[in-house]
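Shown next, in structure tokens, is the structure this report addresses.
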Amino acid sequence: MRKEPEAFLPLSQATYYILLSLREVRHGYAIMQDVEEVSKGEVTMGPGTLYGALSKLEKQKVVEKAQVQDDDRRKYYQLTELGREVLQLEYKRLKSLVENSSEIIQQMEGN
């Protein structure tokens with residue numbers, strides 16, 4: 001039975017960026033580079049952290065290995081349909097948090 005996308009929320013910061021990185025098929029090192037770039041250096045991860053997360057996400061059917069011609073040495077990953085839904089739901093959740101609280105935070109900063 002398929003888990004509902006909502007069951008995966010909230011995502012950790014690292015997991016969110018990993019899924020965001022998999023907007024296209026990438027191998028591990030490219031994921032690490034993209035995460036660092038997209039997060040503007042806020043999130044850096046080593047191979048152990050990344051492959052541990054990918055292994056867990058693969059078991060949960062959020063990501064899957066992708067077949068890529070020309071490269072037998074590297075493992076490539078892509079989002080599943082479930083992974084795409086989880087990423088979009090988390091984005092909406094985070095956006096809502098910020099939108100709902102921004103006025104209050106601005107008032108607090110003004111005091």
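In percent, what relative contact order does the chain have, based on Cα pairs under 8 Å that are 6 or more apart in sequence?
Values: 100 pairs, mean separation 34.5, N = 111.
Over the chain, the number comes to 31 percent.
I want to check the label-to-label distance for GLN106 and ASP72. Put each point 7 Å from Cα in the C-beta direction and report it in nm to one decimal.
About 5.9 nm, to one decimal.
When ASP70, ASP34 are ordered from fewest to most other Cβ atoms inside 10 Å of their Cβ, what list results?
Working: ASP70 4, ASP34 18.
Sorted ascending by nearby Cβ count, the order is ASP70, ASP34.
On a 0 to 90 degree scale, rounded to 10, what angle separates helix 47-59 from the longest Cα axis of the chain?
90
Among TYR17, VAL98, VAL63, whose Cα lies farthest out toward the positive end of the dipole of region 5-98, if unit charges sit on the beta carbon of Lys, Arg (+1) and Asp, Glu (-1)?
Going by the Cα projections, it comes out as VAL98.
How would you rank ILE105, ILE31, going from fewest to most other Cβ atoms within 10 Å of each one's own Cβ?
Working: ILE105 10, ILE31 24.
Fewest to most other Cβ atoms nearby, the residues stand as ILE105, ILE31.
So how tilted is helix 28-38 from the main axis of the chain? Cα-based, degrees 0 to 90, rounded to 10.
Approximately 20 degrees, to the nearest ten.
Report, in degrees rounded to the nearest 10, the 0 to 90 angle that the Cα long axis of helix 81-110 makes with the longest principal axis of the chain.
Helix 81-110 and the main axis of the chain meet at about 20 degrees.
Sum up the lysine pairs in the chain that clear both bars: alpha-carbon distance under 24 Å and a spacing of 8 or more or different chains.
Pairs that pass both the separation and distance tests number 15.
Computed from the coordinates by the stated procedures, all read-outs in this text should not be read as laboratory data. What you see is a predicted model; the values in this text were computed from it and never measured. Neighbour counts are summed over all protein chains in view; Cβ atoms, including those assigned to glycine, are modelled from backbone coordinates with ideal geometry.
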